[in-house]
């Protein structure tokens, strides 16, 4: 595939600085900078590195206005370069059809344009939309639906009453629709299981990583809204509502009945207690802990466990460091970070 810089700028909504007729045949990292490819430079330091390499052109932000190499200036270079990369490396095409080695109920509805790989199981009442791909060894339970263009990778388990929208990606090992964790203690101290009778709704354009669990609701639905991106090894509990375009990094765990707003960012290993509410565009740094029933305002940036505002948490960490040094001096010990470095006599 070949694209001129003019064509690239049109596709990315950018502006060419330099020779618009330069032809690009692919993309590469700024360190590699292969001839004929485009690279991304987010700042002038990166641009200098790009100029020293062999790449044909640079995709950059609007803060850069000139270079020894032709530029495509865009408002959001990271997102634009991702789109450019997808143009040169589209998903592998999959031929439609149902493998004879799969097990599809005659009462399931599978579109003629869908793909069902070997050893997949699709139960009665399930639906698979046009252009959807069901990977090998995956399971689609009764009453569940997989929307148009959605790709279910191998060994995904989708239990009953899970509705997945269009153009989603569900990576291997994930389980959607498992029972929520609900128990009540009786008079004898025994845990009585609370039936989990609800479902799961995954809206359009959602991506779910490997080994993610999304539990079905006790009543109603657990909802993952349009455009949400979930990393590997994340737990979404029963009756959660995850807002549009939210991003959740790996190893995070969200307890039951949590409401997460739109465009929220959660770092790795974030823990959110049950019935908490996270406002739109809040940012929770890695390992942040949100207490049960806590309400986080829109746009807040929080760190630590328990969670505190960003600037306050930075001061606490500074105080802890100073206190540690003070106690080391008073006790006559020296902490690792106070030991001298080097090999001098």
Quick one: residue 69 ticks every box in (1) under 15 Å from residue 3 (Cβ atoms); (2) in contact (Cβ under 8 Å) with a residue 40 or more places away in the chain except a single one, so which number is it? (1)
If you go through 113, 131, the only one that is in a loop (DSSP other than H, G, I, E, B), in the same structural domain as residue 162 (by TED's automatic domain parsing) and buried (at least 16 other Cβ atoms within 10 Å of the Cβ) is 131
May I ask you to verify whether residue 40 is assigned by TED's automatic domain parsing to the domain that holds residue 11, crowded, with 18+ Cβ neighbours inside 10 Å, part of a strand (DSSP E or B) and within 23 Å of the chain's Cα centre (by Cα)? yes
Can you find, within the range 145-163, the residue that is farthest from the chain's Cα centre (by Cα) among those that are part of a loop (DSSP other than H, G, I, E, B) and buried (at least 20 other Cβ atoms within 10 Å of the Cβ)? 161
Name every residue in the range 15-40 that is in contact (Cβ under 8 Å) with a residue 24 or more places away in the chain and farther than 15 Å from residue 85 by Cβ, in order of residue number. 15, 16, 17, 18, 19, 20, 22, 23
Please go through (1) in contact (Cβ under 8 Å) with a residue 40 or more places away in the chain; (2) not assigned by TED's automatic domain parsing to the domain that holds residue 170 for residue 76 and return the number of the only condition it doesn't satisfy. (1)
Can you tell me which residue in the range 164-188 is farthest from residue 91 (Cα to Cα), limited to those that are under 19 Å from the mean Cα position of the chain (by Cα) and surrounded by fewer than 20 Cβ atoms within 10 Å (Cβ to Cβ)? 175
Would you mind stating whether residue 9 is outside any loop (DSSP other than H, G, I, E, B), under 16 Å from residue 88 (Cβ atoms) and out of contact with any helix residue (DSSP H, G or I) (no Cβ under 6 Å at 6 or more places or on another chain)? yes
Only one of 304, 243, 261, 267 is assigned by TED's automatic domain parsing to the domain that holds residue 138 and touching a helix residue (DSSP H, G or I) at 6+ places or on another chain (Cβ under 6 Å). Can you tell me which? 304
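Residue by residue, here is whether (1) in a loop (DSSP other than H, G, I, E, B); (2) touching a strand residue (DSSP E or B) at 6+ places or on another chain (Cβ under 8 Å); (3) buried (at least 20 other Cβ atoms within 10 Å of the Cβ) holds:
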site	(1), (2), (3)
30	yes, yes, no
33	yes, yes, yes
49	no, yes, no
63	yes, no, no
73	no, yes, yes
80	no, yes, yes
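The values are calculated or read from the model by the stated rules, or taken from the named source; none is laboratory data. All figures in this text were calculated on a predicted structure; none of them were measured in a lab. As a convention, Cβ positions derive from the backbone with ideal geometry for all residues, glycine included, and neighbour counts pool all protein chains shown.
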